[in-house]
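To keep things clear, I will list the structure first and then write my remarks on it.
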Amino acid sequence: MGSYSDEEFTGIVVSRQDYRERDMLVTILTDRFGFKTFFVRGARKRGFRMQAAILPFTHGTYIGKINDDGLSFITTTKEVAQYQEISQNIELNAYASYILGLARQAFGNQPNLASLWFTQIATALQLIDEDYDPAIITNIIEVKLLGCFGVQPNWQACAVCGRDVLPFDYSEIYGGLLCQKHWPLDEHRLHLDKRTIYFLRQFSVVDLTKLNSINLKKVTKRNLRRALDEIYNSQVGVYVKAKKFIDQMESWDKILKDKSD
């Protein structure tokens with residue numbers, strides 16, 4: 001196990017918790033070391049100089065001591081800022097928390113994997129903070145992270161024959177798309193509509209850093225949510241606390257809509 005002093009890294013504050021009387025434990029997704037938990041001495045004292053730098057959803061450059069095992073330490077920070085909209089909006093906060101929680105499950109203790117994905121995760125949060133549809137940005141991350149969980153669907157062609165032009169559906173049994181000719185092979189395929197399949201395929205290859213705009217109909221968003229929930233529940237099986245709150249928000253929206261109709 002190694003220890004590295006005066007390391008500079010880019011990070012996103014994921015969470016923090018009180019520790020002892022005056023201190024805190026701060027979890028940060030870093031661009032070089034994956035998810036690390038930092039012991040911050042005196043963080044609960046009035047006037048603590050790094051208070052703003054360790055608020056949840058703060059991002060920027062940090063300098064400190066990194067330990068491969070156990071807690072790490074922050075020495076100083078520079079060029080830090082907060083995702084303001086995310087930190088002030090409970091809905092955006094839930095989606096951002098879910099993305100970070102999902103990433104933590106996906107990367108585990110693999111810093112190289114976290115480093116590979118850091119820019120995409122940071123970009124997703126930035127887009128949400130800039131008022132891009134948080135549900136769609138979250139769906140894109142969900143599709144992209146499937147491979148990190150050992151689920152690597154073939155989104156580009158039929159898993160049986162390789163055709164890429166006929167209507168498709170998604171088959172969990174075959175681990176990807178089935179063209180219309182082979183639908184009879186899986187009676188439990190997800191029976192997804194054409195637009196849902198189209199966007200799932202697009203999400204698998206889109207580069208978030210080059211995303212200009214995206215606007216989907218509510219019915220398409222609902223179908224995407226249903227499809228990804230089925231895939232994650234059946235093939236991934238991870239639990240992220242923030243997902244429950246997102247589902248509750250969607251239920252509230254439906255209840256309010258039904259009452260207004």
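Every read-out reported here was derived from the displayed coordinates using simple, explicitly stated rules and does not represent laboratory data. Because the structure is predicted, anything quoted here is derived from the model rather than measured. Positions of Cβ are generated from backbone atoms using ideal geometry, with glycine treated the same way; all protein chains shown enter the neighbour counts.
In this calculation the C-beta distance from ASP207 to ASP247 is compared with R0 = 41 Å, giving a FRET efficiency of 0.90.
Below 21 Å, Cα to Cα, which lysines can LYS181 reach? Residues fewer than 8 away in the same chain don't count. Answer for LYS181, where 21 Å is the Cα cut-off: LYS194, listed by chain and number.
Angle of helix 218-231 to the longest C-alpha principal axis of the chain, folded into 0 to 90 degrees and rounded to 10: 80°.
Principal-axis analysis of the Cα atoms of the chain puts helix 241-260 at an angle of about 60° to the longest axis. Among residues other than LEU29 whose Cβ falls under 14 Å from its Cβ, what is the net charge (Lys/Arg +1, Asp/Glu -1)? Combined, the nearby Lys, Arg, Asp and Glu give +3.
Relative contact order, percent, of segment 79-228 when contacts are C-alpha pairs under 8 Å separated by at least 6 residues?
21
Taking 0.36 nm per residue of separation and subtracting the Cα-Cα distance, what length does fully extending VAL219 through SER87 add? Intermediate results must be reported in sequence, preceding the final value.
Numbers: separation 132, 0.36 × 132 = 47.52 nm, distance 2.83 nm.
Gain in length upon complete extension: 44.7 nm.
Considering only SER97, SER171, SER234, the mean-square fluctuation computed in a Gaussian network model of the chain, springs between alpha carbons under 10 angstrom, is largest for SER234.
With the convex hull drawn over the C-alpha atoms of segment 3-82, the volume per residue is 77 Å³. Backbone phi angles across segment 207-216, fed through the Karplus curve with coefficients 6.51, -1.76 and 1.60 (θ = phi - 60°), yield HN-Hα couplings of 9, 4, 5, 10, 6, 8, 7, 7, 8, 10 Hz in residue order; Gly and Pro are listed as x. Exposed loop sites here mean GluC sites (Glu not before Pro) with a DSSP loop assignment and at most 16 other beta-carbon atoms within 10 Å; the chain contains its longest site-free run at 22-129. Measuring nothing but how far apart in sequence close Cα pairs (under 8 Å, 6+ apart) lie, relative to its length, the chain scores a relative contact order of 15 percent. Site pair ASP229 and ASP6 shows an inter-label distance of 5.3 nm when each label is modelled 7 Å from Cα along Cα→Cβ.
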